[in-house]
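The values are calculated or read from the model by the stated rules, or taken from the named source; none is laboratory data. Nothing here was measured: the structure is a model prediction, and the numbers come from that model. Quick reminder, even Gly has a Cβ in these numbers, built from the backbone with ideal geometry, and neighbours come from all protein chains shown. For the accessible areas, the whole protein counts, side chains as well, though only heavy atoms, and no ligand, DNA or RNA atoms are used. Shrake-Rupley method; radii C 1.70, N 1.55, O 1.52, S 1.80 Å.
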Amino acid sequence: MIEVIQLNENDNEKNLINNNEIKNDDNNKNNNNNNNNNNNNNNNNNNNNNNNNNNSSNSNNSYNNSITIINENNNNISYYNFLNPLFKNTPICYIKIGNVKQLKESLNYAMNIVKKRVSIRSGGHSCCSFSILNDTVNLDMSGLKECKVDVNNKTVTVQCGVTFLEYYKETSKYLLGGPGGSCPSVCLGGLALGGGSNPLSIKHGYLLDNIIEITILLENGKLIKANSTNQYSDLFWALRGAGHCSFGIVLDFKIQLYDIQPYYYHNSAELSFDSMIESNEIINEYMKTTKLKNNVYIGLDYRITLKSKRIINTLIFFFIGDLVDGENEFKRLIQLLSKSSSQSPPPRVVEINFEKVKKTFLEIVERVPYSNKTRRSFTKCRFSRDLNKSNSMALKEIMELVPIVISKMKEPDGIANFSSTIYYHGGIQNQLSKDNCSFIHRGDDCTWSYTFICLYTKEINDQIFKEWKLKINSYLDIIGNQIYQNYPDDECSNWQFAYYGNHYQKLQQIKRKYDPNNYFKYQQSIELPQNLKK
């Protein structure tokens, strides 16, 4: 059974249509009114609607009638989760996918019945709302939840609607795991196709480096499996890095797993924000000279909220290996930072009890807040070579603008949250060849990524908070020119190069082979060759 929620003028009401039911918009509105007036007339209204429907029912007699009004208050379907009202995209309807048959029927409905493109949503985290597009049939893949672990071969076959938290809850039962993301509510569908980096990536590469096989539905209706050795090896190469709705609809992945430790060393320290330029230089030199590049992961988070009322600078430290070695390495780094003449006050270690710094990887994942509420948000991200002085000065100026922006708010916004996070992309993930797949962000130029995120709820503050985005934009070229495609930038004019570099023309040829009609299209999808802008 396919569930279709069709939009009408009142966003508080949706039409839930079962059994592939398709309706004319005007008839839907009439049915909504009749249903609200008298629920006992539902069947009659459905029959009348079926007789009067010239757009869909006459085109395909297999579509039956069974309309149920769904109110926002009693709608337990996750269409509202993670929606970003800053991007006012309105599909013609939503279809919640539960299995392969429904996926095929939904694609047929979109292409041949209403003759619209599809937009594809797994978790809805796309920071530019590329997963929910205007005038499309939106396919909600979040109901595809199968996650099957093959313990003997250390692999997992996982559908695209499985969240990273659900993924780790299943694999960690067998002390198995691997690279992924840092946000527990992100689904595998978008995460895996665009990269997927977390602390385990320093030893095992990006998540996409560990994909063995991908199941994908093509425009021609064929459901195929692509891997590195079969006839679809070129598509397999393209999907790993450029698979976000450019070639087809991905259903599932087969992924390599690894033995994980029962516990990892994981600690943090609050550093002085005023001393960030010097402390970042110390951290940068430490990571360049350490012999443990495949063992040490570092993150830096700069954050201010209405509650904190100050910029908090947090060092995050993760160690793969012996827990005592991890403790000693963390202490060595803290000592280096403490010797800094400008580090005042000295670093404040969050946890000094050794028993409390050893955590399972699942516990580390669960430490990140899991929220599915709607938020207005914008995101910017760039890869960078190091934590040099110019980058740190830019970041400092960006964050120092936040208190000024907050003071200008038209209305108080209790959840307003401004953050700049630096992620480490070194180790094995950085050492693999750019040609292994379409993901180009390797080598010294992509050792770190700088990610800026603003979250809030009040529309009245849009223009005020936009000041912060404009400040960020003014410094992006200083930081770097490569963009992590899991944090796309809808304002980038040279996105083809920023995401794909010299791989772009090859991707265009693969696009022409598997999607010659350019059916799978969004603002930054791979273009057909003739559409390349010189």
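A few comments on the model shown:
- The residue that is modelled with the lowest pLDDT, counting only those in the stretch 112-137 that are within 17 Å of the chain's Cα centre (by Cα), open to solvent by less than 40 Å² (accessible area, probe 1.4 Å) and not small (G, A, S), is C127.
Results for (1) among the charged types (D, E, K, R); (2) open to solvent by 90 Å² or more (accessible area, probe 1.4 Å); (3) free of Cβ contacts under 8 Å to residues at least 60 places away in the same chain, shown as yes or no for each residue.
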site	(1), (2), (3)
D489	yes, no, no
C492	no, no, yes
N502	no, yes, no
E527	yes, no, yes
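- Answer from S449, S493 - the residue that is more than 24 Å from F418 (Cα to Cα) and not in a helix (DSSP H, G or I): S493
- When the stretch 456-496 is filtered for residues that are under 19 Å from G194 (Cβ atoms) and acidic (D, E), the ones remaining, listed by number, are D489, D490, E491.
- Number of the condition not met by G426 [criteria: (1) open to solvent by 10 Å² or more (accessible area, probe 1.4 Å); (2) of a type in the set (G, A, S); (3) under 24 Å from V296 (Cβ atoms)]: (1)
- Scoring G180 on the criteria (1) within 26 Å of F317 (Cβ to Cβ); (2) part of a helix (DSSP H, G or I) leaves a single failure, condition (2).
- Every pair of residues 6+ apart whose Cβ atoms lie under 8 Å, when the first sits in the stretch 421-436 and is β-branched (V, I, T) while the second is part of a loop (DSSP other than H, G, I, E, B) and open to solvent by less than 60 Å² (accessible area, probe 1.4 Å): I422/L387; I428/G205; I428/N294
- Within the stretch 291-300, being in contact with a helix residue (DSSP H, G or I) (Cβ under 9 Å, 6 or more places away or on another chain), open to solvent by 10 Å² or more (accessible area, probe 1.4 Å) and farther than 20 Å from S419 by Cα holds for L292, K293, N294, N295.
- Those residues of the stretch 90-111 which are hydrophobic (A, V, I, L, M, F, W, C) and open to solvent by 20 Å² or more (accessible area, probe 1.4 Å), in sequence order: I92, V100, M111
- Listed by position, the strands (runs of 3 or more DSSP E) contained in the stretch 295-410 that have at least 2 residues being in contact (Cβ under 8 Å) with a residue 12 or more places away in the chain and more than 22 Å from the chain's Cα centre (by Cα) are 296-305, 312-319.
- The set of residues from the stretch 363-380 being open to solvent by 40 Å² or more (accessible area, probe 1.4 Å) and hydrophobic (A, V, I, L, M, F, W, C) comprises just one member, V368.
- Per-region count, the stretch 504-525, residues of a type in the set (S, T, Y) and either open to solvent by 80 Å² or more (accessible area, probe 1.4 Å) or outside any helix (DSSP H, G or I) (or both): 3
- The stretch 301-311, residues that are in contact with a Ser or Thr (Cβ under 9 Å, 6 or more places away or on another chain) and open to solvent by 40 Å² or more (accessible area, probe 1.4 Å): R303
- Close pairs (7 angstrom Cβ cut-off, 6 or more residues apart or separate chains): within 15 Å of D435 (Cα to Cα) in the stretch 225-237, open to solvent by 50 Å² or more (accessible area, probe 1.4 Å) and at pLDDT 95 or above anywhere: F236/S228
- Of all positions in the stretch 258-276, at least one carries a residue that is at pLDDT below 95, assigned to a helix (DSSP H, G or I) and either closer than 30 Å to K358 by Cα or of a type in the set (F, W, Y) (or both).
- Any hit, the stretch 155-168, residues being part of a strand (DSSP E or B), surrounded by fewer than 23 Cβ atoms within 10 Å (Cβ to Cβ) and among the β-branched types (V, I, T): yes
- Residues (open to solvent by 40 Å² or more (accessible area, probe 1.4 Å) and part of a loop (DSSP other than H, G, I, E, B)) located in the stretch 197-240: N220, K222, S228, T229, N230, Q231, Y232
- Yes/no for I316 being open to solvent by 40 Å² or more (accessible area, probe 1.4 Å) and in contact with a Gly (Cβ under 9 Å, 6 or more places away or on another chain): yes
- Note on the stretch 245-257: among residues that are open to solvent by 10 Å² or more (accessible area, probe 1.4 Å) and assigned to a strand (DSSP E or B), the one that is farthest from N210 (Cα to Cα) is V250.
- Selection within the stretch 319-343 - in contact with a Ser or Thr (Cβ under 8 Å, 6 or more places away or on another chain) and open to solvent by 40 Å² or more (accessible area, probe 1.4 Å): S342
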